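The structure under discussion appears below in the form of structure tokens.
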Amino acid sequence: MDLYEYQGKELFKRFGIPVSEGRLATSPEEARAAAEELGGQVVVKAQVLTGGRGKAGGIKLADDPADAEDKAREVLGLDIRGHIVKKLWIERASDIANEYYLSITFDRGEKKALFMLTTEGGIDIEEVAERNPSAIARLHVDPLEGFQPWHARRLIYGAGIGDPGEQKQILALIGRLYDVFVSCDAMLCEINPLIVTPDGEVRALDSKFTVDDNAFYKHEDIGAMRDLDAYPAEERAAREKGVTYVKLDGDVGILGNGAGLSMSTVDVVAFVGGRPANFCDLGGGGDAEGVVDALEVITSDPHVKAIFFNIFGGITRCDEVARGILEALDRMTIDDPIVVRLDGTNAEEGRQLLTDAGAANLYVEPTMLDAAKRAVELAV
Ligand code: GDP
Ligand code: MN
């Protein structure tokens, strides 16, 4: 789960990483009140779960409370790549002498945490990586060894940070970033920009923070940070029903059993020229209850024009899944064409059951590729 900037900064603060003082606001009036409390110049920052807000007009400096109210009016409601701004973070403005970049993430290939530090901050790290890769100091931390101060020193020298005052502050900050990363079961903690003020003070001006949902049982407080409003209605409904579902923007609804097969189904639909409407994993079972829940979520997306059921029977037998599908169709009305591919254990019986049912909008195909082609053809 991705956190908002203000939530990430809250966690930074808990672990002693310096951030600017700020307040949350959801209306221009609240923004004005926040600016009054903070005093002086403030920054009005759109809180959306996407980066590049500055370029999109979502970050604005305001000179006084009245200006903050005006800027808040401009930023609230803004559409930043599909994310509508509903919340603002009003922060005491910083003077900036230098913008650096610091992050820690997982390097899955190495199975280790990876730090990156560069003095070329304030722009996308991908851009720096492409244009000037040697400007980025990278260092892995062995999980058994854990973080050691020499890691921070090597990063600082590697990035070419020479000022002793900056070195000292960033040294402490890197250690704290490792703490917050490990303690919160984060997958990414990125500070871009990490600024140096004209007085030589180092501070995190932005935060990009991703936590591992599977660790929420350890962190009730972080789990509670989830903003249900930020998810499509279909995903919210899926969460309530316990269905594994991710909304995509096409018109072929997809249902597979197992995450791997469901991913392949998304791929094969795209491969034959179609556009998947979602990812949905039925899981191990195939009982009517699970099928109904999944179909209800999938068909609640108005863009869905056809549904592709891709089942590989292993322990779950295809005839059971076929019965589940038929029972589900008894219980609910679906007008969209449904293409079913059954393969594996008891596939013959399963296909026979579906064919015998004789439903007009049910199409049975023996292979994944044929079924994908058929589903894409029917999605008109
Ligand atoms: P992003 O565009 O989503 O990455 O949002 P950031 O929080 O990183 O802000 C974008 C840019 O706005 C930063 O790189 C800074 O140049 C600028 N900015 C943000 N906060 C301040 C501030 O307090 N003072 C000044 N002068 N500039 C700021
Ligand atoms: Mn940023």
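List of remarks:
- Residue among LEU205, LEU144, LEU248 with the largest mean-square fluctuation in a Gaussian network model of the chain, springs linking Cα atoms under 10 Å: LEU144
- Centroid-to-centroid separation of segment 124-156 and segment 344-380 [C-alpha atoms, Å]: 51
- Virtual spin-label span in nm between ASP142 and ASP185, 7 Å along Cα→Cβ: 2.6
- Gyration tensor verdict on segment 60-100 (Cα atoms; rounded if a/c is under 1.5, prolate if a/b is larger than b/c, oblate otherwise): oblate
- Largest first, the extents of the alpha carbon coordinates of segment 89-169 on the three principal axes equal 40, 30, 29 Å.
- Label point of ALA237 set 7 angstrom out along Cα-Cβ; within segment 248-278, amide nitrogens under 19 Å from it belong to 248-256, 276-278.
- Residues SER183, SER20, SER134, SER207 arranged by fewest to most Cβ contacts within 10 Å: SER134, SER183, SER20, SER207
- Projected label points at ASP95 and GLU37, each 7 Å from Cα along the beta carbon direction, are separated by 2.6 nanometres.
- Beta bridges from DSSP with both residues in the chain: antiparallel share about 70 percent, rounded to the nearest 5.
- Entries in LYS87/LYS241; LYS9/LYS241; LYS60/LYS86; LYS71/LYS247; LYS13/LYS112; LYS13/LYS87 that, when Cα-Cα distance is taken, lie over 22 Å: LYS87/LYS241; LYS9/LYS241; LYS71/LYS247; LYS13/LYS112
- Extension reserve of the ALA259-ALA360 stretch, reckoned as 0.36 nm per residue once the Cα distance is removed: 33.4 nm
- Euclidean distance of C-alpha centroids, segment 249-320 and segment 14-46, integer Å: 44
- Each Cα pair under 8 Å and six or more residues apart adds its separation to the average, and for segment 247-306 the resulting relative contact order is 45 percent.
- If you model segment 30-132 as an ellipsoid using its alpha carbon gyration tensor, with each semi-axis the square root of five times an eigenvalue, the axes come out at 31, 16, 12 Å, biggest first.
- Each label was represented as a point 7 Å from its Cα along the Cα-to-Cβ direction; for GLU201 and SER134 these points are 3.6 nm apart.
- FRET efficiency, 1/(1 + (r/R0)^6) with R0 51 Å, evaluated for GLN352 and ASP221 via beta carbons: 0.45
- Across LYS71, LYS13, LYS241, mean-square fluctuation computed from a Gaussian network of the chain (C-alpha pairs under 10 Å connected) peaks at LYS241.
- In the chain, the inverse of the mean reciprocal separation of distinct Cα atoms equals 23.6 Å; this is its Kirkwood hydrodynamic radius.
- Over the Cα atoms of segment 315-380, the radius of gyration divided by the Kirkwood radius equals 0.95; this is the Rg/Rh ratio.
- Reciprocal mean inverse distance between Cα atoms of segment 228-380 - Kirkwood radius, Å: 14.9
- For the residues PHE271, PHE115, PHE106, a GNM of the chain with alpha-carbon springs under 10 Å puts the largest fluctuation on PHE271.
- In order along segment 87-104, the phi-based Karplus estimate (6.51 cos²θ - 1.76 cosθ + 1.60, θ = phi - 60°) of 3J(HN,Hα) comes to 10, 10, 10, 9, 10, 4, 5, 10, 8, 10, 9, 9, 10, 10, 9, 9, 8, 9 Hz; Gly and Pro are listed as x.
- The 3J(HN,Hα) values that the Karplus relation (6.51, -1.76, 1.60; θ = phi - 60°) gives for segment 175-183 are, in residue order, x, 6, 5, 4, 4, 5, 4, 6, 5 Hz. Gly and Pro appear as x.
- FRET efficiency for the LYS55 to ASN214 pair, using the beta carbon distance and R₀ = 30 Å, is estimated at 0.35.
- Exposure proxy order (Cβ contacts within 10 Å, fewest to most) of GLU5, GLU99: GLU99, GLU5
Read-outs throughout are calculated quantities, based only on the coordinates presented, and are distinct from any laboratory measurement. What you are looking at is a predicted structure, and each value in this text was computed from that prediction instead of being measured. No Cβ is skipped: glycine too gets one built from the backbone with ideal geometry, and neighbour counts run over all protein chains shown.
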